[in-house]
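*Asks:* Take a look at this one; I'll ask things after.
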Amino acid sequence: MRILNRLLIQSTFRYHYRTNTVKAQKKSNTFNLEYDPIKQTIIYPPELLINNKNYPTDSWTNVNPHILSRLGQNLHRQKNHPLYHLTNRIRQYFYQQKDPRKQSPKFSIIDNLSPIVTVQQNFDSICTPNDHVSRTKSMNYYINKDTLFRAHTSAHQVDLIRSGLNAFLCIGDVYRRDSIDPTHYPIFHQCEGVQLFNKEELFMENRNVRGEKDNLQIFASNEYRDATKQEGHTLEAVKLVEASLKQTITDLFKTLFPNAATLNSRWIDATFPFTHPSWEYEIEIDGKWYELLGCGIIEQSVLENSGLGKDYIGWAFGLGLERIAMIMYGIPDIRLFWSTDSGFLSQFQFEDSTRPVQYKPVSAYPQCINDLSMWMNKTRIDPLDLYDLVRSIGGDLIEQVLLIDEFYHEKKDKHSQTYRIIYRSMDRTLTKNEINMIHKDIENHCQKQFDVEIR
Ligand code: PHE
């Protein structure tokens, strides 16, 4: 017997309407999804129509209506949104940097590329190994095995370099399946920066004591890879590019945080598949260190994929915009960026993006805590799947979901998990009744989707 139940969709959208965040929801991005309780999977239609384009579905498909409803909102381009002001300030800083020969801005700024990209763009083009954990279904929103919502703006590096750009910023929304708390949301915004140098550009300033150009090279054969550099690069070239990268970033943050005299920062060694060496940049505020970006010297094989591998060397960085805006404006919760509440938005209604503003909470509404305990009849639930389900039903009323208890009962031969779900609205007090209804809805969908008994 094959029973099909309608899943999630209505309830998801119903709660979104109640939190009034559906303004930009597009008609074309509604799904008619069904649920098969025997196979315990969502049944996707053979094709999904997203932004007027049809995408075939397959066993990789795991997008959900919550994600789709956010598509096309482009918060970074919404006039007077805090992310708009922040990107304006980053723009201003990079526009001031002039190409010495042409006196025109060095950096091009691209902020309108579609977040739907291919696996080739998001991973292969930037040399992410086939078995790299960042490719997994549990970390990304796939439309099908070849197409996904970009997990980072690095997905566009190779295309933009190929199109002829040597220095650019690429700004946009990125999508990741993640835990739920006040600093994590499945969609956030990144700004990618890339600058490439050929031999003249890199060594232009470098003259020897007699005022002649040194005969310095970017590439040398038989060069080794170690912690400081890639094989094939000379150390002097890498050090100059590294200095340019670190100078660019520290100067950017001095501009963004003008009281920089007291701003402590540090570089932490890191690893990315597309840069080597790589670093993370952190700043200290009130005794707490915040990681703001990842960066490094672009892997030469990425430049080879872009057709520039022979003559150029370059740096890249990717910074998270919400993280910076939260610090800059004192915004306490990442969900606020999606608020359409005038109490929030009106605080950012000004023309001059450099204006220093501190967000004042409209009012603090109480939290409401409900636990969800269940026995799993078969396999253990992956918490990321549970987070997704909770978010798709509770929408922005979910402040946090914590796995607070987990054990295996030998006699029963069953796993048990208990999640704590913390509900809170950003703009009103929730009634107990309303929360109970949502909680019940979550329990029902858990039973259907995961084959569990609610305890
Ligand atoms: N794409 C990386 C991320 O999202 C950040 C990054 C960009 C790191 C460019 C190095 C170079 O985490």
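*Asks:* Enumerate the lysines that LYS53 could reach by cross-link, defined here as Cα to Cα under 18 Å, with residues fewer than 8 away along the same chain left out.
*Replies:* Partners found: LYS26, LYS27, LYS145.
*Asks:* At most 14 other Cβ atoms within 10 Å and a DSSP loop assignment: could you name the trypsin sites (Lys or Arg not before Pro) in the range 52-121 that fit?
*Replies:* Taking the range 52-121 and a limit of 14 other Cβ atoms within 10 Å, the loop trypsin sites (Lys or Arg not before Pro) found are LYS79, ARG101, LYS102.
*Asks:* How long is the gain from SER346 to GLN78 if the chain were fully straight, where each residue apart is worth 0.36 nm and the alpha carbon distance is subtracted?
*Replies:* Gain on extension, SER346 to GLN78, equals 95.2 nm.
*Asks:* Ok, one more. First compute the accessible area of the range 61-329 with a 1.4 Å probe, then give the percent of it belonging to carbon and sulfur atoms.
*Replies:* That share works out to 48 percent.
*Asks:* Under 5 Å between amide hydrogens, which residues at least 5 positions from GLU299 or on another chain qualify, with H placed 1.01 Å from N in the peptide plane?
*Replies:* So GLU299 has HN proximity to THR275, HIS276.
*Asks:* Note down the magnitude of the dipole of the range 368-454 about its Cα centre, charges +1 on Lys and Arg C-beta and -1 on Asp and Glu C-beta and zero elsewhere, to the nearest 20 debye.
*Replies:* Taking the Cα centre of the range 368-454 as origin, the dipole is about 180 debye.
*Asks:* I want to check a number: in the range 368-454, how many lysine pairs have alpha carbons closer than 23 Å, given a sequence separation of 8 or more or different chains?
*Replies:* Value for the range 368-454: 10.
*Asks:* Would you mind working out the magnitude of the charge dipole of the range 61-329 relative to its Cα centre, with +1 at each Lys and Arg C-beta and -1 at each Asp and Glu C-beta, to the nearest 20 Debye?
*Replies:* 740
*Asks:* Excluding ASP388 itself, what net charge comes from residues whose Cβ is under 15 Å from its Cβ, given Lys and Arg +1 and Asp and Glu -1?
*Replies:* 0
*Asks:* Near LYS360, which aspartates and glutamates are there with a Cα under 16 Å away, not counting those fewer than 8 places off in the same chain?
*Replies:* ASP333, ASP341, ASP427
*Asks:* In addition: Let me know the charge dipole size of the chain about its Cα centre in debye, to the nearest 20, where only the beta-carbon of Lys, Arg (+1) and Asp, Glu (-1) is charged.
*Replies:* Its charge dipole is roughly 1200 debye.
*Asks:* Once the Cα atoms of helix 383-394 and of the chain are each reduced to a long axis, what angle between those two axes, in degrees from 0 to 90 to the nearest 10, is obtained?
*Replies:* Taking the Cα atoms of the chain, the angle to 383-394 is about 70 degrees.
*Asks:* While we're on this one: At a Cα cut-off below 25 Å, give the lysines reachable from LYS229, other chains included and same-chain residues fewer than 8 away excluded.
*Replies:* Once the sequence-local lysines are set aside, what remains near LYS229 is LYS199, LYS213, LYS239, LYS246, LYS310.
*Asks:* Here's something else I'd like to know. Enumerate the amide H contacts of PHE219 below 5 Å, restricted to partners 5 or more residues apart or on another chain; note that Pro and chain-start residues carry no placed amide H.
*Replies:* Those qualifying (amide H under 5 Å, at least 5 residues apart or on another chain) are THR234.
*Asks:* Shifting gears a bit: Based solely on its DSSP helices, what 222 nm [θ] is calculated for the chain when runs of n ≥ 4 H residues each add -39,500 (n - 2.57) and the sum is averaged over all residues, nearest 500 deg cm²/dmol?
*Replies:* Helix contribution divided over all residues of the chain: -7500 deg cm²/dmol.
*Asks:* Next question, about the same structure. Just how far, in whole angstrom, is the range 233-266 from the range 170-196 if you go by their alpha carbon centroids?
*Replies:* A separation of 22 Å, based on Cα centres.
*Asks:* What distance in nm separates the simple spin-label points at TRP267 and TYR408, each placed 7 Å from Cα in the Cβ direction?
*Replies:* Label at TRP267, label at TYR408, 4.6 nm between them.
*Asks:* Quick one: Karplus J couplings for the range 180-186, per residue in order, coefficients 6.51, -1.76, 1.60, θ = phi - 60°, nearest Hz, x for Gly and Pro?
*Replies:* 10, 6, x, 10, 10, 9, x
*Asks:* I'd like the GluC sites (Glu not before Pro) in the range 368-451 restricted to DSSP loop residues with at most 13 other Cβ atoms within 10 Å, sorted by number.
*Replies:* When the GluC sites (Glu not before Pro) of the range 368-451 are filtered for loop state and at most 13 Cβ neighbours within 10 Å, GLU410 remain.
*Asks:* Apply the Karplus parameterisation 6.51 cos²θ - 1.76 cosθ + 1.60, with θ equal to phi minus 60°, to every residue of the range 78-89 and state each ³J(HN,Hα) to the nearest whole Hz, in sequence, with x for glycine and proline.
*Replies:* Taking θ as phi minus 60°, the curve returns 7, 3, 6, 7, x, 5, 5, 4, 5, 5, 4, 5 Hz for the range 78-89.
*Asks:* Could I ask something else about it? What's the local net charge at ASP178, with K and R +1, D and E -1, over the other residues with C-beta under 11 Å away?
*Replies:* +1
*Asks:* Then there's this: What would the Debye equation give as log₁₀ I(q)/I(0) for the chain at q = 0.09, 0.11, 0.13 Å⁻¹, counting only Cα atoms as equal point scatterers?
*Replies:* -0.67, -0.96, -1.25
*Asks:* Say R0 is 35 Å: what FRET efficiency, to the nearest 0.05, do ILE285 and LYS53 get from their beta-carbon distance?
*Replies:* Efficiency, rounded to the nearest 0.05: 0.25.
*Asks:* Under 5 Å between amide hydrogens, which residues at least 5 positions from ARG177 or on another chain qualify, with H placed 1.01 Å from N in the peptide plane?
*Replies:* Residues meeting the criterion, in which the H sits 1.01 Å from N, are ASN140, TYR141.
*Asks:* So, one more: Give the residue list of chymotrypsin sites (Phe, Trp or Tyr not before Pro) in the range 94-139 that are DSSP loop and have at most 16 other beta-carbon atoms within 10 angstrom.
*Replies:* Taking the range 94-139 and a limit of 16 other Cβ atoms within 10 Å, no loop chymotrypsin sites (Phe, Trp or Tyr not before Pro) are found.
*Asks:* I'd like the Karplus ³J(HN,Hα) series for the range 56-61: coefficients 6.51, -1.76, 1.60, θ = phi - 60°, whole numbers in Hz, and an x wherever there's a Gly or Pro.
*Replies:* x, 9, 7, 5, 8, 4
*Asks:* For LEU160, what charge total do you get from the other residues with a beta carbon under 14 Å from its beta carbon, if Lys and Arg give +1 and Asp and Glu give -1?
*Replies:* -1
*Asks:* Suppose we keep just the DSSP beta bridges with both residues in the chain; what percent of those would be antiparallel, to 5?
*Replies:* About 95 percent, rounded to the nearest 5.
The values are calculated or read from the model by the stated rules, or taken from the named source; none is laboratory data. Worth saying up front: this structure is predicted, and the values here are computed from it rather than measured. Methodologically, a virtual Cβ is constructed for each residue, glycine included, from the backbone with ideal geometry; neighbour enumeration extends over all protein chains shown. The protein model used for the area step is the full one, side chains on, heavy atoms only, and it has no ligands, DNA or RNA in it. Shrake-Rupley method; radii C 1.70, N 1.55, O 1.52, S 1.80 Å.
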